[in-house]
Structure formats: structure tokens, C-alpha cells
């Protein structure tokens, strides 16, 4: 059985990227992805996400999410959502110096990524400062670089192909 956090993340992704017109349609897609939900559960999830049905230009209806940034902030800060590490983050590399992590991004991506890191409220990360292509993240004393790397893996697509500068 998959958990609620994963289900809610998938619902957000589906509503953002598809034209979902009914709870039945959404339940069917969720079932294909391994999430068996009742109509009541799905209704509660949609209410919690504050979804709305709006008419489309094709004469049908589709679900939309409210201000997606405030919704994402709420879900991140309550632990009901983590950032999908495969999303387009603009991430290039990460390097550590003492209790600082220096994260390099493509131009224009640093502020948004720093914001996501801050909104996660990870206790091991004291805060971030960003420019247009660089983020300085202050790591709490006593947190090893390997532990910090695991924490950043929640926000960054860290794998063997991504350079971790030593």
C-alpha cells in the first residue's frame, strides 16, 4: 500500500499536467499508478488541496489547483510533500566547505531552488542565500557532508552522474 503523501504528490502532478475532468477519471489514473482509493478518500484529498473545477474551452470541466506556490509551501512545511528530485531544477553541482554547501545552478534557477530548500524547514539546514546561479546553504554544526548530501537529495537530482565536488 502506498502512502498518502505519495498519493497527494501524484494528484498535484496529475492536476498540473493533465486535464482531469472527474473524480472517476482521477481515481482510474491513480489505480493505474498503484493507488487504490475510495471516492470519499479522493474527495477529502481534493478538498485538502482546495481544487476547483473550471470550464474548459472544449465545453468540459477540469480540476485546477489554487495558487500553486502557496499550496506547495503548505505541503512542504507540513511534511506532506517532498520535492521530486527528477524535476527540472537547473542543478549543476554541489560542493562543501565546512558547514557551507555551495550549489551551482543554471542562470535564474538558484532563487527558486533556495526557496524550496528553505520551505522544507529541514532542521539540519539553517538557511540559504541565493544569487542567480549560486546558492550558499548553511548547514548546522555536527552534520556531516554525507548527511547533508542525503538531505539535499530531497531537492536535487543527486546521483552518480551529477558532480559532487570534493
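The values are calculated or read from the model by the stated rules, or taken from the named source; none is laboratory data. Since the model is a prediction, treat every value here as computed from it, not as a measurement. So basically every Cβ, Gly included, is an ideal-geometry build from the backbone, and we count neighbours across all protein chains shown.
Below is a table of values for the structure above.
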read-out: Members of segment 116-132 found to be in contact (Cβ under 8 Å) with a residue 40 or more places away in the chain, in contact with a helix residue (DSSP H, G or I) (Cβ under 6 Å, 6 or more places away or on another chain) and surrounded by 13 or more Cβ atoms within 10 Å (Cβ to Cβ), listed by number; value: 119, 120
read-out: Members of segment 47-61 that are in a loop (DSSP other than H, G, I, E, B) and touching a residue at least 24 places away in the same chain (Cβ under 8 Å); value: 49, 51, 56, 60
read-out: Residues being surrounded by fewer than 14 Cβ atoms within 10 Å (Cβ to Cβ), at pLDDT 90 or above and either under 18 Å from the mean Cα position of the chain (by Cα) or not in a loop (DSSP other than H, G, I, E, B) (or both) - total across segment 1-46; value: 8
